[in-house]
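The values are calculated or read from the model by the stated rules, or taken from the named source; none is laboratory data. All values reported here derive from a predicted model rather than from experimental measurement. Glycine gets a Cβ as well: all are built from the backbone with ideal geometry, and neighbour counts include every protein chain shown. Side chains included, ligands, DNA and RNA excluded: accessible areas come from the protein's heavy atoms. Shrake-Rupley method; radii C 1.70, N 1.55, O 1.52, S 1.80 Å.
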Amino acid sequence: MPKGFGGGMPGGMNMNNLMKQAQKMQKQMAEMQEALAEKTLEVSSGGGAVKVKVNGEKQILDLIISPDAVDPDDIEMLQDLVRTAVNEALRQMEDAVNSQMSQITGGMNLPGMF
């Protein structure tokens, strides 16, 4: 058997400990996903003219547009306000997810996990 496999690994870590750590991390990540599904975040743009609420699964839960923001002669402004609010809400939620993930992974980069 190659050196470093079986009973022990370099640095004193054995395969059983490594598996236990991986299972612990997997459980923590599942718990975090459940908590994030319930987390909501609300962002506004245009001084509150457009409000967007998203959840931890990055789904839009609510989109509120003030009647004052609706100008038939300036639809582009309304589109910009909606786009700005949605993008900012999703960015903030992504930051929150990444922050919680780094607490679990100890800062390790695990692409594709979320």
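Which log10 I(q)/I(0) values, to two decimals, does segment 24-114 give at q = 0.12, 0.14, 0.24 Å⁻¹ under the Debye formula with one point per Cα?
Those come out to -0.46, -0.57, -1.10, one per q.
So, taking all protein chains as they sit and a 1.4 Å probe, how much accessible area belongs to K58, in Å² rounded to tens?
80 Å²
Determine, from the Cβ-Cβ distance of Q23 and E57 and an R0 of 25 Å, the FRET efficiency 1/(1 + (r/R0)^6), rounded to the nearest 0.05.
With a Förster radius of 25 Å, E is 0.55.
Can you send over the solvent-accessible area of S99, 1.4 Å probe, protein chains only, in Å² to the nearest 10?
Number for this one is 60 Å².
Taking amide H positions as placed in the peptide plane 1.01 Å from N, state which residues far from K39 in sequence (5 or more) or on other chains have amide H under 5 Å from it.
Correct list: G56.
In percent, how large is the relative contact order of segment 10-63, given Cα pairs closer than 8 Å and 6 or more residues apart?
With pairs under 8 Å counted, the relative contact order is 22 percent.
Sticking with the crude label model, points 7 Å out along Cα→Cβ, report the distance from E31 to Q92 in nm, one decimal please.
Once both label points are built, they end up 2.7 nm from each other.
Counting only the heavy atoms of the protein chains, how much of D71 is accessible to a 1.4 Å probe, in Å² to the nearest 10?
60 Å²
Under the classification rounded if a/c is under 1.5, otherwise prolate if a/b is larger than b/c and oblate if not, where does segment 9-60 fall, given a ≥ b ≥ c as square roots of the Cα gyration tensor eigenvalues?
prolate
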